[in-house]
Structures are given as structure tokens and as C-alpha cells.
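Rule-based calculations on the coordinates, nothing more; no lab input. What you see is a predicted model, and the numbers here were worked out from it, not measured in a lab. A quick note on method: Cβ atoms are made from the backbone with ideal geometry, for glycine too, and the neighbour counts reach across all protein chains shown.
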Amino acid sequence: MKPFEPVFQRRPWVSGSSALSLYVLPDPAVDTELFGLVAECRTVVQEYPIWCLPDDLIHITIEIDAWATSEHISAGQRTRLISALTARLAGLDPFTVLCGSPIANRTGAL
């Protein structure tokens with residue numbers, strides 16, 4: 001099996017780099033079905049060498065800014081982006097998503 005080698009913009013990922021991401025953070029007190037699914041998945045994969053996110057890091061990735069790594073985005077640009085997203089998403093009502101079985105790939109179980 002070929003080892004997993006992460007890439008970004010078709011080049012090897014530089015250790016320590018990061019990319020801006022937009023996440024939905026589920027609430028364990030409200031999103032009990034999701035956290036139940038996560039717990040069941042952990043039970044299934046516990047015998048394998050797979051690291052599972054702790055509950056406080058569980059998230060749903062909406063978008064990743066793949067134009068540049070985080071260090072190439074200035075504090076001012078980041079502030080403007082956060083302000084624009086906050087204004088645009090302020091009126092968003094709560095919503096429901098359907099989460100299915102985990103998908104196993106070379107990065108782990110997603």
C-alpha cells in the first residue's frame with residue numbers, strides 16, 4: 001500500500017501549514033443523533049490504528065479556501081472575510097443535514 005502523502009495546490013503539503021476553513025460546529029446537547037452516530041463509529045474502528053476526533057473537535061466542513069495557505073492571508077483580509085461571512089450568514093435559520101455511514105479512504109474514516 002502506498003503511504004498517504006497530503007497535497008495542496010498539487011504540491012506536497014508543508015508540515016505546519018494551515019488553510020482557512022468554514023465549519024459548522026454541532027452542539028452535543030442538541031445534535032444527539034450525530035454524536036450517537038460518531039460514538040457507534042468509534043466502537044467499530046477502535047481496533048484499527050485510526051485516530052478519532054474528540055467530541056469537542058467534531059465539525060462539518062462547509063468550505064476550505066484553497067487559494068492560499070493561512071500564512072499568506074493577512075489579518076486584515078481575514079477580518080474582512082469573517083465580517084462578510086458573519087453578515088451573510090446572520091439570518092440563516094437552523095437546518096438539518098443527513099449524515100450517513102463513514103467513508104473510509106486513505107486519510108481515515110470520514
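Charge dipole (Cα centre; +1 on Lys/Arg Cβ, -1 on Asp/Glu Cβ; no other charges) of the chain amounts to roughly 620 debye. Rounded to the nearest 0.05, what FRET efficiency do GLU71 and ARG11 give with R0 = 22 Å and r taken as the Cβ-Cβ distance? Could you check? The pair GLU71/ARG11 has a calculated efficiency of 0.90.
In order along region 10-17, the Karplus-derived 3J(HN,Hα) couplings, from 6.51 cos²θ - 1.76 cosθ + 1.60 at θ = phi - 60°, round to 6, 10, x, 5, 8, 4, x, 6 Hz, and Gly and Pro are given as x. Relative protection proxy for 88-101, 53-66, from highest mean packing down: 53-66, 88-101 (other beta-carbon atoms within 10 angstrom). Close amide-amide hydrogen proximity is noted between PHE8 and TRP13, each under 5 Å apart and 5 or more residues distant or on a separate chain (H modeled in the peptide plane; Pro and chain starts excluded). Normalised by 2.2 N^0.38 Å, where N is the number of residues, the alpha-carbon radius of gyration of the chain equals 1.28. Annotation: amide H-H contacts under 5 Å for LEU20 (H modelled 1.01 Å from N, sequence separation of 5 or more, or interchain): ASP65, SER70. Backbone N atoms of region 22-47 closer than 18 Å to the 7 Å Cα→Cβ label point of LEU85 belong to residues 22-27.
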